[in-house]
Amino acid sequence: PSQSPADMLRRIRELQADEPAAGHVTGQHVTSKVVLKRFAESAGPHQGLICPFRLEYPHARHRLVGPGGCAKANNFVAWASASVERLWKETEDRLPDALAAMDAGTLFGNAEHVSVIKYRDRHSFRQKQSHPGHPRAGVG
């Protein structure tokens, strides 16, 4: 359900009141590190590393990094970023088991795993939509 602008501002102010104690997260992952790890080299000297390609700089030298070093945006969530990170961590902590069930073909046999996958998809889509100034806003 859509919220009115007044409701959204009220909620932002509530979350901002909690923010000073929690701190602002500047470099926010826009893709789960758990998902990014699935794209990393599985063996060899580059095990665990990814070579991200930045569309903004297609001719730049691309270097290998770990999942923690890519798919980040500064201030992607401008308000209450620490609370978003805490909420996302709850899902991300449950994601490996859900992805393992998906890989094994048993995902739909466990309602909790299904809810994690559905929540992740919904959250990722909403997070992208929530930042209209971001170059990939609205991309699901």
Run the simple label-point estimate for Ala100 and Arg11 please: 7 Å along Cα→C-beta, distance reported in nm. 3.4
Could you sort Asp97, Asp7 by their accessible area in this structure, using a 1.4 Å probe and putting the largest first? Asp97, Asp7
Through the Karplus equation 6.51 cos²θ - 1.76 cosθ + 1.60, θ set to phi - 60°, convert the phi angles of the stretch 41-57 into ³J(HN,Hα) values in whole Hz; use x for Gly and Pro. 4, 8, 7, x, x, 9, 4, x, 9, 10, 10, x, 10, 9, 4, 5, 9
With the other protein chains left in place, how much accessible area per residue, in square angstrom, belongs to the stretch 53-114 at a 1.4 angstrom probe? 67
For the stretch 38-107, which whole-number percentage of the solvent-accessible area (1.4 Å probe, protein heavy atoms only) is attributable to carbon and sulfur atoms? 54
With a/c under 1.5 counting as rounded, go ahead and sort the stretch 49-106 into rounded, prolate or oblate using the C-alpha gyration tensor (a ≥ b ≥ c being the square roots of the eigenvalues; past the cut-off, prolate if a/b is larger than b/c, else oblate). oblate
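The values are calculated or read from the model by the stated rules, or taken from the named source; none is laboratory data. Remember, it's a predicted structure, so these values are computed and weren't measured experimentally. Reconstructed Cβ throughout: ideal geometry from the backbone, glycine too, with neighbour counts over all protein chains shown. Keep in mind that these areas ignore ligands, DNA and RNA; they rest on the heavy atoms of the full protein, side chains included. Shrake-Rupley method; radii C 1.70, N 1.55, O 1.52, S 1.80 Å.
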